[in-house]
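The values are calculated or read from the model by the stated rules, or taken from the named source; none is laboratory data. Since this is a predicted model, take the numbers as computed values, not measurements. Virtual Cβ from ideal backbone geometry, glycine too; neighbours counted across all protein chains shown. We work out accessible area using only protein heavy atoms, side chains counted, and drop any ligands, DNA or RNA first. Shrake-Rupley method; radii C 1.70, N 1.55, O 1.52, S 1.80 Å.
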Amino acid sequence: MSDASSNGGPPAPTVDPNALKEIAAGVFVICDHRVPLVPNIGIILGSKAALVIDTGMGPANGKKVLDAARRIAGQRPLVLTLTHFHPEHGFGAQAFKGAGKIHYNRSQRDELQAKGEGYLHMFKTFGPSVAAALEGTELVHPDEVYEGASTSIDLGGRTVELRTWGLAHTAGDQVVWLPQERILFTGDLAEERIFPIFPWFPPNDADIDAARWVQILTELASWKPAIVVPGHGDIGGIEILAAVRDYMIDLRKRVTAERKSGKDADVIIASLGPKIRAEHPDWSAPEWIDFAIRYYSTLS
Ligand SMILES: [Zn+2]
């Protein structure tokens, strides 16, 4: 436990640029060290430009990511994209404003505009270290928005694809796919040995479609990625996608069965929650089990 967490709340959500790993030629990840509220961040080089995927939370983390990208990319123009609008993924984007081109899908942009301020306030209540990281955060607009399900960016000798399906973990989740190298950045559609994040906060935010989320994971697996970079957790392969998908399918079945026997969400959480926790002893962030059970309880 860090000092910050003993003061209440999670440890400082600090991006560590020294955690940089080259997972394929010209494809870098600033690994999250499994620190809560720090994402895995991608930096992908082409001959003409470089793409940055996610920024970490707050202006200081965003600046660290920008500096790391500059060190790697030299004079190449930078493009920033986000896997989704959640604060720990995108609330450092202001560092890139004017320093690179910010490029989102339309749903993600709309969701950021609708919910960004609310999430900023909510996250500041998570504890002093999170509030400190978010101090001075400004929500910035993208320079470019794409419509529809996908776009591709030619970085020079390397094309990356940005793909979205609409509502799943959020309203505008996006994956980044390198078809030649078969590398997939999933954002929070997949995390590794972490209970899937169900941001089920009605009435403020009830934008989850877990059935589509499962379909997306099935489709992503069909692409046969060689390397999967999850939103949080260790880099791995296709098994990361399967683990999340299996968890969600199983949990939905079990919650539906409990609902059929007349139990409400609180009763199901009390009985099923500890079992689910015990079945995944090496997974972190068990607080998300209850949110998932509450979400699935509303469907049945
Ligand atoms: Zn998220």
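Below are the figures for this structure:
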read-out: Helix 106-124 vs. the chain, principal-axis angle (Cα, 0 to 90°, nearest 10); value: 70 degrees
read-out: Protein accessible area in the chain, 1.4 Å probe - carbon and sulfur %; value: 54 percent
read-out: Debye intensity ratio in log₁₀ form over the Cα atoms of the chain, taken at each q of 0.08, 0.09, 0.10 Å⁻¹; value: -0.33, -0.41, -0.51
read-out: C-alpha center-to-center spacing [region 270-294, region 235-257] in angstrom; value: 13 Å
read-out: Per residue, the convex hull volume that the Cα atoms of region 174-300 enclose (Å³); value: 96 Å³
read-out: Calculated [θ] (222 nm, deg cm²/dmol) that DSSP helices of n ≥ 4 give over the chain, each run adding -39,500 (n - 2.57); value: -11500 deg cm²/dmol
read-out: Residues of the chain: accessible area per residue with a 1.4 Å probe, Å²; value: 40 Å²
read-out: Over 21 Å between alpha carbons, listed pairs K115/K253; K21/K97; K63/K97; K63/K115; K115/K263; value: K115/K253; K21/K97; K63/K115; K115/K263
read-out: Residue among P196, V255, P179 farthest towards the positive dipole end of the chain, charges placed on Cβ; value: P179
read-out: Among beta bridges that DSSP assigns inside region 162-300, antiparallel share in %, nearest 5; value: 60 percent
read-out: Scattering curve values for region 190-258, log₁₀ I(q)/I(0), Debye with Cα scatterers, q = 0.24, 0.25 Å⁻¹; value: -1.12, -1.17
read-out: Average Cα contact separation per residue, region 107-247, under 8 Å, 6 or more apart, as relative contact order %; value: 19 percent
read-out: Computed magnitude of the charge dipole of region 89-137 (debye, nearest 20; Cβ of K, R +1, Cβ of D, E -1); value: 180 debye
read-out: R0 of 35 Å, Cβ-Cβ distance A226-D154: FRET efficiency to nearest 0.05; value: 0.95
read-out: Folded to 0 to 90 degrees: helix 210-222 orientation relative to the chain principal axis, Cα; value: 50 degrees
read-out: Antiparallel bridge percentage (DSSP; both residues within the chain; nearest 5); value: 65 percent
read-out: Rounded tilt (10° steps) of 265-279 against the dominant C-alpha axis of the chain; value: 60 degrees
read-out: Lys, Arg +1 and Asp, Glu -1 on Cβ, resulting dipole of the chain about Cα centre, debye, nearest 20; value: 360 debye
read-out: Fraction of alpha-carbon pairs over 23 Å apart in region 1-143 - percent; value: 31 percent
read-out: Relative contact order %, the chain, counting alpha carbon pairs below 8 Å whose residues are six or more apart; value: 14 percent
read-out: Region 208-251, relative contact order in percent, only Cα pairs under 8 angstrom and at least six apart counted; value: 39 percent
